[in-house]
Structure formats: structure tokens, C-alpha cells
Amino acid sequence: MTSRPMPKSPAPHRVVALLQPPQSTFALACASEVFGDHGPVIPVRYAFEVCTEHPGAVPTEAGYDMLVTTGLDALERADTVLVPGWRLPAGAGVPPAVVAGVRRAHARGARVVGLCSGAFVLAAAGLLDGRRSATHWARAAELSARFPRVDVDPAVLYVDHGDVATSAGSAAGVDLCLHLVRVDQGAAYAMRIARQMVMPPHREGCQLQYAELPASGPVADSLAPLLEWLDGRLDRPVSVAEMAARSQVSARTLTRRFTEQLGISPGRWLLDRRIAATRALLEETDLPVETIARRVGLSSAVNLRRRFHEALRTTPAAYRRTFRADRATG
């Protein structure tokens with residue numbers, strides 16, 4: 001009897017992280033925790049390595065240097081090129097050699113992924129032109145200004161187009177990486193990695209729930225008294241006509257002033273303040289949703305849940321679980 005050779009295991013999917021000084025250690029750790037070695041308990045299906053344009057000591061945002069010995073030639077053997085954050089000095093662009101290397105990798109079929117500000121590298125390479133993209137909410141406006149052909153969504157945790165993918169800031173990089181593992185290897189394998197990391201395999205909502213609570217900020221004198229008046233009566237229904245009467249102008253003039261000075265309509269501003277007040281009450285109190293709805297002028301729990309989900313893509317209950325838990329363990 002002739003012995004039959006054992007079937008070979010498929011070659012690991014090679015993930016190459018492209019680093020740039022000063023490198024974000026957290027974004028890099030997010031990627032390496034998902035795609036790196038998990039020990040004997042989880043089968044090896046990924047090979048993870050790092051490279052940089054100029055091999056050698058790479059300073060980090062944490063104050064220490066990393067020794068990276070591999071240059072951009074590593075991109076030529078990557079199945080996935082991953083950019084774990086990228087700090088661009090004011091007025092500076094992504095180096096031409098990096099742009100060329102990323103474009104070549106994408107052209108031959110590699111998936112290209114930008115975590116947080118790593119989206120700037122993908123945008124510089126033209127891979128996000130005409131496409132929806134994510135980045136950290138605090139840098140969304142900058143990404144739009146630098147690359148106007150990119151459709152920047154400041155709300156989502158991540159966007160995956162198959163050949164390119166981008167995530168919001170910090171922990172959203174883990175969300176995207178686990179999503180890519182689900183796509184590559186299936187949900188069960190992704191679940192095993194998530195469990196080892198003590199992470200949920202999928203988070204609800206969007207990154208707007210993690211953005212800073214909006215403040216009124218400096219406004220022109222013509223609107224300041226009205227906004228102060230509105231802040232003191234969020235628990236009551238207020239129409240645009242009432243706002244206009246309070247300001248002694250027409251509703252059309254008031255709407256024009258809001259648009260010119262704040263960039264939004266009076267109704268939108270008032271709803272945003274009600275959502276901000278809801279977030280604060282969910283974080284800081286144990287009040288029932290029905291009570292919160294009355295306090296912020298959204299009339300009922302049903303209306304509050306609908307408005308809250310439209311604004312943050314999560315439920316009041318899920319938001320409270322997240323942020324009350326964070327406060328308890330902080």
C-alpha cells in the first residue's frame with residue numbers, strides 16, 4: 001500500500017503593518033493582538049510583521065523607540081497592508097515612496113486597511129476617492145479638507161469595501177480587525193480571538209457616542225441670549241416661531257442666523273442639545289428612560305429611543321451599560 005501525503009495547511013494570511021514615526025503604540029497593538037500569535041490554543045492563520053520606509057529605530061508616541069528592520073519591500077509580499085495610525089505634520093504629505101508602495105500592493109490584489117488616522121495614507125494613495133471612509137471623529141474634518149474626493153463618515157466605527165477598509169479611532173481598530181477576521185476565517189474563529197482578548201466580537205452603535213459632549217461654544221451676541229434661554233427650558237416643547245418671537249425677528253431671519261453662525265438649523269441645534277442632555281443623564285444617573293425623556297423635552301420613551309438611535313446608532317440602554325460600566329471601573 002502506498003502512503004498518501006497529508007494535505008498541507010493553507011499558508012497563513014500575511015498582514016504587514018506599515019509604521020511611521022512617531023508611531024501610535026495603541027493602534028499597532030490593536031492590530032498585533034488580533035493578527036499576531038495567540039499561542040497553542042488558537043490555530044495560526046495569520047503571519048504578522050511590521051515595516052517602515054527607513055528601517056532602524058522608529059520613535060513612538062509613548063516615548064520609546066522600536067527597532068524595525070524591514071523596509072517597504074515587505075509590502076510586496078503582503079496579503080493585507082495595514083496602516084495603524086499616521087501622524088501628518090501641518091502642511092506635510094505622505095512620502096511618495098509610501099504612496100507608491102501602497103498603490104502597488106493594492107494593484108496586485110492586497111487588501112489595504114487604515115486604522116484611525118491611517119486613512120490619510122489610503123486617501124493619499126487615491127484608494128478612497130469617491131468612497132465612504134471612517135477615521136477618528138476628531139480628524140474627520142481634516143481628512144475631508146485634505147482629500148475632498150473622499151466621502152468621510154464621522155459616525156461609523158469602520159467601513160469595509162473588501163479591497164480597502166478604514167476604522168475610527170483607538171478601540172475601533174480592534175472592531176475592524178475582528179470584522180476582517182470574521183470575513184477571512186469565519187465567525188467562530190473571530191470569536192475565539194475576541195474571547196482571548198476579553199473583547200466583545202462586535203460592538204453596538206457608532207463612534208459619535210464616544211465623541212465629546214457638544215458645548216455651545218462661542219457664538220455671536222445676537223444668538224447668545226436665545227441659546228441660554230433654550231438651555232434653561234429643554235424640558236419644554238419650543239417651536240421655531242417661539243424662538244423667533246423671543247429674538248424679535250422673523251422665523252426666516254432666525255433660521256438664517258443659525259445657519260450662518262452655527263452651521264445648522266434652530267430645530268437641529270435644539271435636538272442636539274436634547275441628545276447631549278440625554279447622554280449626560282444616562283451616564284450620571286439611574287433615572288428611567290421615560291423620566292429622562294420628559295426632562296429633556298422628548299416627550300416619551302418611544303420618541304427618545306427613536307431620536308437617540310438616529311443620532312448615535314445605539315439604544316439608551318446599550319449606551320448606559322457602556323458608560324455606566326466605564327465609570328464604575330474607571
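None of the figures in this text is laboratory data; all of them are computed from the coordinates on show. This structure is a prediction, so every number in the text was calculated from the model and none was measured. Glycine gets a Cβ as well: all are built from the backbone with ideal geometry, and neighbour counts include every protein chain shown.
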Fill in the blank from the handout: Counting as exposed only trypsin sites (Lys or Arg not before Pro) in DSSP loop states with no more than 14 other Cβ atoms inside 10 Å, the longest exposed-site-free span of the chain is 234-330
Completion exercise
Mean separation of Cα contacts under 8 Å (at least 6 apart) over the residue count of the chain, i.e. the relative contact order in percent, is 11
Handout entry: 222 nm mean residue ellipticity, helices alone, for the chain (DSSP H n ≥ 4; -39,500 (n - 2.57); rounded to 500)
Key = -13000 deg cm²/dmol
Practice task
Please determine, in degrees from 0 to 90 and to the nearest 10, the orientation of helix 172-185 with respect to the longest principal axis defined by the Cα atoms of the chain, where the helix direction is its Cα long axis.
Solution key: 50
Exercise for the section: Using only C-alpha positions, report the orientation-averaged shadow area of the convex hull of region 27-176, nm², one decimal. Expected result: 9.2
Practice task
Express the Stokes-Einstein translational diffusion coefficient of region 237-319 in µm² s⁻¹, to the nearest whole number, given a Kirkwood radius over alpha-carbon pairs, 10 °C and a viscosity of 1.306 mPa s.
Solution key: 116
Handout entry: Pairs of Cα atoms farther than 30 Å apart, the chain, %
Key = 47
